[in-house]
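> Quick one: this structure, given as structure tokens, is what I'll be asking you about.
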Amino acid sequence: MVNKYLITGGAGFIGSSVVRLLIRDTSHQVLVVDKLTYAGNLDSLKPVANSPRYGFVQADIADAERMHSILDDFQPDVIMHLAAESHVDRSIDGPGEFVQTNVVGTYTLLQAALGYWRGLSRERQASFRFHHISTDEVFGTLGDEGFFHEDYPYQPSSPYSASKAASDHFVRAWHHTYGLPTLVTNCSNNYGPYHFPEKLIPLIILNALEGKPLPVYGKGENVRDWLFVDDHARALVRVAEHGRPGETYAIGGHNERRNIDVVRAICALVDELAPDPTIGPRENLITYVTDRPGHDLRYAIDASKIERDLGWRPEETFETGLRKTVEWYLANRHWWERVRTGVYQGERLGVAV
């Protein structure tokens, strides 16, 4: 069955991976809706931009009139909602934009989707899905043991995670109150090609290539569960196609690593793949900086439900995924140089307390 996918935030890091997957590996039709803020990048969609099954509209999800019009025109079977402000450090500096996009924008999109869904035939109502993509950061922080899971209590600790927690609750409320067929997924830290270079892994890769300091928060002891972005995209499509309305699915990579170990692994790969005698061993560039305010100690996800119910498991280990990522940045200098000559040049964000 061929479906129409409307993907908000489809020019972003995770969204563009989903779009490339759908165009490359399925027969579905895709419409990307993206505001094209600093992290939205149409270059990330160039591999599929010439497909007759791909379309793009520049619009703000908080614009109710545009959302109603786009839904009526495109007639989607699935809405995959990835549009979000997503960087914790930016949320510390400017939380208002996170409330506007992640909370108000999600509410506006839900209202448009509800009105659209109510106008569908009974058969199309039954097959329609509103899939909201969220983060494990809504759960707060873990100690040395234990895992986040679908029923884990919410305890967001940054403006970003608080805004995503609110949006999760709105999506579930629209299912329970109005019957809208919704799905929620909470994922661990993504990494891979086309990643905006303010995040840890691409920032370290590019700084290492250029011989710049490699900033590590605190002592680098914070632990994250790393998920290769194309594995995540496969999981999202699996949930959209086979997930049960009203359910939540936690998506993790089974790859817990301390930040300092991630940075050292990148240094070793860059030294191997792009040796530079004038720079020397990249590990010598590691610089410890003052920790992020309210920095959560550890995230880790129990992804057994999505494996058990939907048959998804990550295909990449951290080692294979990280090598693919470093190789991609080495081979796609034109992509990240265009980003770095624009709004972000690698400066420290999120120092306001």
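> Can you tell me what share of the DSSP beta bridges in region 120-263 is antiparallel? A percent to the nearest 5 is fine.
The answer is about 20 percent antiparallel.
> Would you kindly calculate the translational diffusion coefficient of the chain, applying Stokes-Einstein with the Kirkwood radius from alpha carbon pairs, for 37 °C and a viscosity of 0.692 mPa s, and quote it in µm² s⁻¹ without decimals?
159 µm²/s
> Something else: DSSP beta bridges in the chain, what fraction antiparallel, as a percent rounded to 5?
Values: 3 of 40 bridges.
In the chain, approximately 10 percent of DSSP beta bridges are antiparallel ones.
> Could you run the Karplus curve 6.51 cos²θ - 1.76 cosθ + 1.60 with θ = phi - 60° over region 142-155 and give me ³J(HN,Hα) per residue in whole Hz, x for Gly and Pro?
Whole-Hz 3J(HN,Hα) from phi for region 142-155: 9, x, 6, 10, x, 9, 5, 8, 4, 9, 5, x, 7, 7.
> Calculate the FRET efficiency for residue 126 and residue 169 from the Cβ-Cβ distance with a Förster distance of 25 Å, rounded to the nearest 0.05.
So the FRET efficiency works out to roughly 0.50.
> Restrict the search to region 199-275; then list the trypsin sites (Lys or Arg not before Pro) that DSSP places in a loop and that have at most 15 other Cβ atoms within 10 Å of their Cβ.
Here the trypsin sites (Lys or Arg not before Pro) that fit, given the DSSP loop and packing criteria, are 219.
> Taking amide hydrogens as modeled 1.01 Å from N in the peptide plane, which residues meet the under 5 Å criterion relative to residue 216, leaving out close sequence neighbours?
Answer set, sorted by chain and number: 287, 288, 289.
> Report relative contact order for region 170-275 in percent, whole number only (criteria: Cα-Cα under 8 Å, sequence separation at least 6).
Rounded, it is 39 percent for region 170-275.
> Let me ask you something else. Once you treat every alpha carbon in region 1-75 as an equal point and sum by Debye, what is log10 I(q)/I(0) at q = 0.26, 0.27 Å⁻¹?
So the normalised log intensities work out to -1.24, -1.30.
> About its Cα centre, how strong a charge dipole does region 155-308 have in debye, to the nearest 20, once Lys and Arg get +1 and Asp and Glu get -1 at the Cβ?
400 debye
> Starting with the fewest neighbours, write out 1, 80, 67 ranked by other beta-carbon atoms found within 10 Å of each beta-carbon. Mind showing how you got there, number by number?
Values: 1 7, 80 29, 67 26.
The order, fewest Cβ neighbours first, is 1, 67, 80.
> Assign one of three labels to region 61-143, namely rounded, prolate or oblate, based on the Cα gyration tensor with a ≥ b ≥ c the square roots of its eigenvalues; rounded applies when a/c is under 1.5, prolate when it is not and a/b is larger than b/c, and oblate otherwise.
Oblate is the answer for region 61-143, as a/c is 1.5 or above yet b/c matches or exceeds a/b.
> Kyte-Doolittle cut-off -1.0, length cut-off 20 Å along the helix's own axis using Cα: show which whole DSSP H helices in the chain pass.
Working: long enough: 159-178 (28 Å, -0.78); 259-273 (21 Å, 1.12).
Span-like helices here: 159-178, 259-273.
> If each residue of separation counts as 0.36 nm, what is the full-extension length gain between residue 308 and residue 114 once their alpha-carbon separation is subtracted? Each step should come with its number before you reach the end.
Details: separation 194, 0.36 × 194 = 69.84 nm, distance 3.03 nm.
Contour length minus the Cα-Cα distance gives 66.8 nm.
> Determine the dipole magnitude for the chain: charges of +1 sit on the beta-carbon of Lys and Arg, -1 on that of Asp and Glu, nothing else is charged, the reference point is the Cα centre, and the result goes in debye to the nearest 20. Intermediate results must be reported in sequence, preceding the final value.
Values: 36 positive and 46 negative charges, 134 e Å.
Here the size comes out at about 640 debye.
> Which of the lysines could be linked to residue 219 by a straight reach, that is with a Cα gap under 18 Å, when you skip same-chain ones fewer than 8 residues away?
Counting by Cα, and skipping residues close in sequence, residue 219 has these lysines nearby: 199.
Rule-based calculations on the coordinates, nothing more; no lab input. Computed from a predicted model, the values in this text were never measured in an experiment. Every residue, glycine as well, gets a Cβ built from its backbone with ideal geometry; the counts of neighbours run over all protein chains shown.
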